[in-house]
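Notes follow once the structure below has been shown.
The values are calculated or read from the model by the stated rules, or taken from the named source; none is laboratory data. Every value quoted in this text rests on a predicted model; they were computed, and no experiment measured them. Please note: Cβ atoms are built from the backbone with ideal geometry, for glycine as well, and neighbour counts cover all protein chains shown.
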Amino acid sequence: MSVKPLIRATAVGKDYNEGAVRALSNISVDLHENQITALVGPSGCGKTTLLRIIAGLDFPTRGAIAIDGKTVQGPGPDRGLIFQAYTSFPWLTAVRNVEYGLKILGIDKEERRQRALDFLKLVRLDHVADHYPRSLSGGMKQRVALARTLAQRPRIVLMDEPFGALDAQVRWEMQELLVELVEAEPRTVVIVTHDIGEALYLADRILFFSRQPGRIKADLTLDFKGGRRLKEKEELFSLPGYREMEKHLFSMMREEIAAVDNAA
């Protein structure tokens, strides 16, 4: 696996309300190509803020984010973003939802149709290609969002709690599907999650954020996986070192939550 730095954050800080709220403070980190990095930490610690700055939807008050050495100035086709909320257009079928971004990129009608169908098949939704979102379950809608993003072939996939609204069964199915897709078509993935189990299963690396103002409290490489991405989630639980890492993450989360409560 390549460890070439792709995204570089240099002393990134973000303030709101004319400095009254400091969301991020002095974030400096390199994110690597073809790795899955999970941003984990208590609510309000700036994880989503950093994700939005990488996406070009927000801008730092201090410091900069660079991709391949070029400072991020706004959104770009090299980055795809998947939200927790379902974002399908209700007036378009599943296949036309996937085609939508390809049309904006200027891809001709025949190619975008075929690519949309190929990616719906990849997420196992080719049988509902002509169905509208109202007839799809929550998990299916998120698979449409995943297909739409991946079909545009971005180098970087940014995910903001993408499975948070799903029930437990569908969530782990989606987690396994994401691993399968990233293994089939390597991508750099940055995912925001509050779910420690999800982070441990999906990620090659976890950045744990402190309470506001968000700082990187711990930068953890999940060496206990032996460089593998596991196909089935239950494989995780028997790996030597997994329980220790899980305990470490829960302890840090409890510590940060307590600090927030004591400051209130």
TODO: Would you tally the residues in segment 1-20 being surrounded by fewer than 16 Cβ atoms within 10 Å (Cβ to Cβ), at pLDDT 95 or above and either of a type in the set (S, T, N, Q) or not assigned by TED's automatic domain parsing to the domain that holds residue 64 (or both)?
DONE: 0
Task: Only listed residue being in a loop (DSSP other than H, G, I, E, B) and either in contact with a Gly (Cβ under 6 Å, 6 or more places away or on another chain) or under 26 Å from residue 44 (Cβ atoms) (or both), chosen from 228, 211, 171 - done: 211
Task: Any hit, segment 139-156, residues being more than 23 Å from residue 235 (Cβ to Cβ), in contact (Cβ under 8 Å) with a residue 24 or more places away in the chain, in contact with a Lys or Arg (Cβ under 6 Å, 6 or more places away or on another chain) and assigned to a loop (DSSP other than H, G, I, E, B) - done: yes
- [ ] Report yes if some residue within segment 81-91 is within 25 Å of residue 54 (Cβ to Cβ), of a type in the set (Gly, Ala, Ser) and surrounded by 16 or more Cβ atoms within 10 Å (Cβ to Cβ); otherwise report no.
- [x] yes
Task: Where residue 80 falls short, out of the listed (1) in contact (Cβ under 8 Å) with a residue 40 or more places away in the chain; (2) assigned to a helix (DSSP H, G or I); (3) closer than 16 Å to residue 150 by Cα - done: (2)
TODO: Answer yes or no as to whether residue 198 is surrounded by 14 or more Cβ atoms within 10 Å (Cβ to Cβ) and closer than 22 Å to residue 175 by Cβ.
DONE: yes
Open item on the list: Anything in segment 6-50 that is among the charged types (D, E, K, R) and either under 26 Å from residue 258 (Cα atoms) or in contact with a Phe, Trp or Tyr (Cβ under 9 Å, 6 or more places away or on another chain) (or both)? List them, or say none.
Closed with: 14, 15, 22, 47
Open item on the list: Going through 55, 23, 38 one at a time, which residue ends up being surrounded by 16 or more Cβ atoms within 10 Å (Cβ to Cβ), farther than 21 Å from residue 221 by Cα, of a type in the set (Gly, Ala, Ser) and in contact with a helix residue (DSSP H, G or I) (Cβ under 7 Å, 6 or more places away or on another chain)?
Closed with: 23
Task: Single residue of segment 1-45 satisfying the filter (of a type in the set (S, T, N, Q) and in a loop (DSSP other than H, G, I, E, B)) that is farthest from residue 157 (Cα to Cα) - done: 17
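Go through 206, 216 for me and flag whichever is of a type outside the set (Asp, Glu), surrounded by fewer than 21 Cβ atoms within 10 Å (Cβ to Cβ) and assigned by TED's automatic domain parsing to the domain that holds residue 259. Steps first, please.
Values: 206 fails: surrounded by fewer than 21 Cβ atoms within 10 Å (Cβ to Cβ).
One residue alone meets the criteria, 216.
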Open item on the list: Quick check on my filter: what residues within segment 211-250 are within 30 Å of residue 15 (Cβ to Cβ) and without any contact (Cβ under 8 Å) to a residue 40 or more places away in the chain?
Closed with: 218, 220
Open item on the list: Given the criteria within 16 Å of the chain's Cα centre (by Cα) and assigned to a loop (DSSP other than H, G, I, E, B), does residue 186 qualify?
Closed with: yes
Open item on the list: Among the residues that make up segment 189-208, is at least one of them of a type in the set (A, V, I, L, M, F, W, C), in a helix (DSSP H, G or I) and free of Cβ contacts under 8 Å to residues at least 12 places away in the same chain?
Closed with: no
- [ ] Could you list, in sequence order, all residues of segment 96-123 that are under 19 Å from residue 136 (Cβ atoms), part of a helix (DSSP H, G or I) and of a type outside the set (D, E, K, R)?
- [x] 97, 98, 100, 101, 116, 117, 119, 120, 122
